[in-house]
1. For the range 107-162, taking Cα atoms only, what is the radius of gyration to one decimal and the Dmax to the nearest whole Å?
2. Over the range 29-158, one equal point on each Cα, no solvent: what is log10 I(q)/I(0) by the Debye formula at q = 0.16, 0.17 Å⁻¹?
3. Calculate, for residue 113 and residue 181, the FRET efficiency according to 1/(1 + (r/R0)^6) with r their C-beta to C-beta distance and R0 25 Å; round to the nearest 0.05.
4. Using 0.36 nm times the number of residues separating residue 45 and residue 84, minus their current alpha carbon distance, what extension gain do you get?
């Protein structure tokens, strides 16, 4: 600054310069304050964004956790359903095995009872034939007690055998047996009972022709005699003719004798009705009652 400048002017210039510097400082301060406020605003926005992102992350984590729990619940339910299905299958298998076992036990029980009944009847007949003597009185027969049989039981048996009703029954059954032309293999069991047992065991219905074969064939598959075979052939011819409209197919005609074909076409089957079969069976089984 020139030395010759008046002091007053000099002071004024200094004041102006100071004022300018102060204004510049204020402007700088204002700019700095504005920048600070902008930075603070940006910091607030950053905090807000961070908070929003954190909240969103928490919501996503909660949703994922809920979905995982739901998936775990579904998996547990599926496992429970699979366990129930496996248990149901095991129960069904156990029930089926139990039914099969019960069926086998029932068959075994029936066989044992039938076998015991047959042996008991045969032993009664054998004892009576060995120890009965028409020349002896009832008291003498009772006193002649077989070994291993109690006296009171033998007395009751002799009393039963010597009753007039029992004697008449035995005589009638012997006459029926002598008149029987075609024997059967059902033993003391009637045809009706045999059919009922077969139906129960196999859950199938059996016709008269089928029952004829079952009750008139030996264990080797052959008929008990020629008459039984003849009747079976006639019945078969009648059945085939009925199915074919009254004619025997040419390809089957050679399988049967001419006499059987003519008899099967001209007359009804000679197979007796179930009542007749039952009557014959009862007579045969009680021939030595």
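Any read-out appearing in this document is the output of simple, stated calculations on the displayed coordinates, not a laboratory observation. In this text the structure is predicted, and so the values were computed from the model without any measurement. Cβ coordinates were reconstructed from backbone atoms using ideal geometry, including for glycine residues, and neighbour counts include every protein chain displayed.
1. Values for the range 107-162 (Cα only, Rg and Dmax): 13.7, 46 Å.
2. Each listed q corresponds, in turn, to -0.98, -1.02.
3. 0.20
4. On the way: separation 39, 0.36 × 39 = 14.04 nm, distance 5.71 nm.
Between residue 45 and residue 84, full extension yields an extra 8.3 nm.
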